[in-house]
1. Treating the beta-carbon of each Lys and Arg as +1 and of each Asp and Glu as -1, no other charges, what is the dipole magnitude of region 245-468 about its Cα centre, to the nearest 20 debye?
2. Using a 1.4 Å probe on the protein chains only, how many percent of the accessible area of region 390-472 belongs to carbon and sulfur?
3. Taking the square root of 5 times each eigenvalue of the Cα gyration tensor, what semi-axes in Å does the equivalent ellipsoid of region 245-468 have, largest first?
4. Pull up all non-local amide H partners of Thr344: gap of 5 or more, or a different chain, and H-to-H distance under 5 Å with H placed in the peptide plane.
5. Which residues' amide hydrogens lie under 5 Å from the amide hydrogen of Lys452, considering only partners 5 or more residues apart or on another chain, with H built in the peptide plane?
6. Would you work out which of Leu352, Leu392, Phe423 lies farthest towards the positive end of the dipole of region 347-452? Charges go on Cβ: Lys and Arg +1, Asp and Glu -1.
7. What nm distance separates the two modelled labels at Ser221 and Lys172, each placed 7 Å from Cα along Cα→Cβ?
8. Can you tell me what the convex hull of the Cα atoms of region 393-472 projects to on average, as an area in nm²?
Amino acid sequence: MQKPSVSKSRKWLPAALPVMLCLCVLGSILMAAILSSNIFYSQLLFRSTTSVASVSRGQLILPHSLLNQIADLQSQVGVLLEQLHVASAESKALTTFADQLLHIATSLDKFAEALSDFYDSSSSGTNEVSSVDEDFSDPDESEINQGSDTHSFNSGELHNFTALKPNRLIGKKNFLGVEAISPTVGLLCANMASNVNRFMGYKIYRMCPDDWDIAQKLMISGCDPLPRRRCFSKTPPRYSKPLPINSSLWSQPADTNIMWSHYKCKDYSCLVSNGTIGKRGFFKCSNCFDLSKRGWEIPTNESTSAEFTIDEVLRLKPGEIRIGLDFSPTTGTFAALMKERNVTIASATLNLGAPFNEVIALRGLLPLYLSIGSRLPFFDNTLDIVHSTLFLDGWMGIDLLQFVLHDWDRVLRPKGLLWVDRFFCKRDELKMYLDEFSRLHYKMLLWRVVPKTDKLEDKSFFSAVLEKPLRS
């Protein structure tokens, strides 16, 4: 009973397509005419009204409503393209129309970019920001009625970044197999518009604001990945060349190689002094910055400590452990010990109140600035080992733990090792967490559960080295 209706729809689609295409072309031409007239009028107004120009210092701000109009038209063209893509499998005529419509879409993107370039060039030679300035004007009433999330973003540079980036040769695919690049921004950035606007409020080709603390708050809150910025990162004013690798692993970094502006401690001695305990601005991995504390080398009492030694773990896979990840609050000590054993480890951590990433890099190791909610930037089945300590704790909900463990499982190669190092939680919650690890169906190679004695609460430490199985 449904076949006649399907056939009928396919009959009228090719006939109606030229009309749809013409409407789209007409809409694009009208939009271009309107935008062009607005540009001409703005340019004339800017040149003739000197008193107004003196107030604004020659600054032209890209209207927020104009960006929304362009985005709406791009969205409509995208929907039509998607419909054509579905229908064009059996028709060469539809394929041709789809290609022509794609050219219109990419031309529209280029026009939007050229419009931004116009405003950039209009304010060149001044100290003001052009299209990257935040537009603090109120949105149109129509934008409010539409309920669009994008109306809360006032940063022109954010719109510039997220706009589709077509290849130089329009309609030609690049080596990635696409005709344009779509920059990515975290989904939850829409819930933090004011901070995102602040983060993107800078002058292009000028110095970036010293605001990594804002960026990290955005990342932790789910605005990750952050939009890229077209400004230059600040550097320590008296940066000295790093130490050679044979001495940098265990040497205290120079104070001049770290920017201390957003830390409570203003020099390295503050990070390790007994007199600053409780005043350093961080508590996770409290001894991390004391590079004399190596760890993981001396066997411990199995009844009182859940710590395995590195050599004990490496003996499980002689010669097979070459590359891996340490996802922990760390300054790179685990990675340094592994490097001495010819194993390359990337250290994933945030700057939790102290310069964790800077110290990792100054030791000659690889820092991975990554939030807990991010997908690991490694391909499937590539790492020999994943290690984590002082991170997987009883603060984690089961849902988050599941997503983290499955992402670690994704990047581990078959027969790779997952080293869970001193996971602690309340004793009556231990089984709940252990059940989640058992659901991975890994082979248990090392296993230890001991009571946590440094607190009055009834808690336990759990450590394990688990082997990923082969799956087909």
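The values are calculated or read from the model by the stated rules, or taken from the named source; none is laboratory data. All values reported here derive from a predicted model rather than from experimental measurement. Cβ: placed from backbone, ideal geometry, glycine included. Neighbour counts: every protein chain shown. The accessibility values were calculated without ligands, DNA or RNA, using every heavy atom of the protein model including side chains. Shrake-Rupley method; radii C 1.70, N 1.55, O 1.52, S 1.80 Å.
1. Using Cβ point charges on Lys, Arg, Asp and Glu, region 245-468 gives about 140 debye.
2. Here it works out to 58 percent.
3. In descending order, the three semi-axes are 27, 21, 17 Å.
4. Ile323, Gly324
5. Long-range HN contacts for Lys452: Lys459, Ser460, Phe461.
6. Positive-end residue among those listed: Phe423.
7. Taking the simple label geometry, Ser221 and Lys172 are separated by 4.4 nm.
8. Numbers: hull surface 21.0 nm².
Dividing the Cα hull surface by four gives the mean projection, 5.3 nm².
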